[in-house]
C-alpha cells in the first residue's frame, strides 16, 4: 500500500480522471475549444451577412441600378479604390479578410448615370477547405454583379500568380460570362519592371487608388460600359406619361430634354426594358 500513497494527488493534478476537464487539461485542448467556438461564431455571422445581402440584392434588382463587383487578391487595394471613388470610409487594411461583409456604395458617373460598387473579401491562395463554403457566400457578389472590376497590386512581384488565383476563384464561383475591367493598381509604387498584361480582361487601365491617379479615366470608362447595355432613345413623351422621365433619370442617361406644347422631347440612353415600355 505504501507504494500507492500519493497517487491520488498526482492523478488529480492530471485532470481528475476520465471524462473530466480539470486543471491539468493541456493548453492545446483549450485552444482547440476556443478556435471551434470562434469558427461557430463566424459561421453565424456569415449566415446573417448572407441573409442581409440577399435582401439588398432583391432591392437592387427592383431599382434596376447596375452593379459592379470589385474583386482581387487580398491587399490589392479594393477597399482603397471604393473609398477613393465614393468616400465610403470603409476599412482598408493589409489584413486577410479585412473586408468580410461586402460593402456597397453608389457612384455617380458622367451623364448622371448611377452604378453600385460592391467590395468583396480578398482572394487568397489555398483557402483552407473548411473555410471555402463559408467565405464563398461573401464572394458571390461577383456572381450576381453586372460586370467585374478586377484590382491587381501591380507593384507586387507575385502579381501574375495572384491574377491567376483570382481567375481560378471566379471560375469556381461560375463567374464566366461577365465583362471584366482590370485595374493595375499602385502604379506609384512600381519599380522598373515589365508592364503587366491581362489577356482575359475586356479592358485594362493603370491607376493609383491611393493617389487618385487615373480615377477620372476610370469613371469615363465605367460610363461607357453602362452605355453599352442601353438603347439610344429620341422621342416626345406626352405629358400624361411624364412619370417615365423620372425613370429615365434614375436608370438611364438623360442627354437632353425640351418642353414642347405636345410633350417632352427627350434624348437619352435607357435600359432595354424601359425602352420597350416607352414604345409600348
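The values are calculated or read from the model by the stated rules, or taken from the named source; none is laboratory data. A quick note: this is a predicted structure, and the numbers were derived from the prediction, not measured. Backbone-built Cβ (ideal geometry, glycine too); neighbour counts: all protein chains shown.
Selection over region 148-163 of residues that are more than 18 Å from the chain's Cα centre (by Cα) and either part of a helix (DSSP H, G or I) or not assigned by TED's automatic domain parsing to the domain that holds residue 180 (or both) gives a count of 3.
Being buried (at least 17 other Cβ atoms within 10 Å of the Cβ) and part of a loop (DSSP other than H, G, I, E, B) is the filter; apply it to region 233-280 and report the residue that is modelled with the lowest pLDDT. Taking the candidates together, the pick is 252.
When residue 224 is tested against (1) modelled with pLDDT of 90 or more; (2) touching a strand residue (DSSP E or B) at 6+ places or on another chain (Cβ under 8 Å), only condition (2) is not met.
Restricting to region 117-147, and then to whatever is in contact with a helix residue (DSSP H, G or I) (Cβ under 7 Å, 6 or more places away or on another chain), modelled with pLDDT of 80 or more and in a helix (DSSP H, G or I), can you tell me which residue is surrounded by the most Cβ atoms within 10 Å (Cβ to Cβ)? In this case the residue turns out to be 142. Name the single residue, out of those in region 219-232 being assigned to a helix (DSSP H, G or I) and free of Cβ contacts under 8 Å to residues at least 60 places away in the same chain, that is surrounded by the most Cβ atoms within 10 Å (Cβ to Cβ). Filtering first and then ranking leaves 221.
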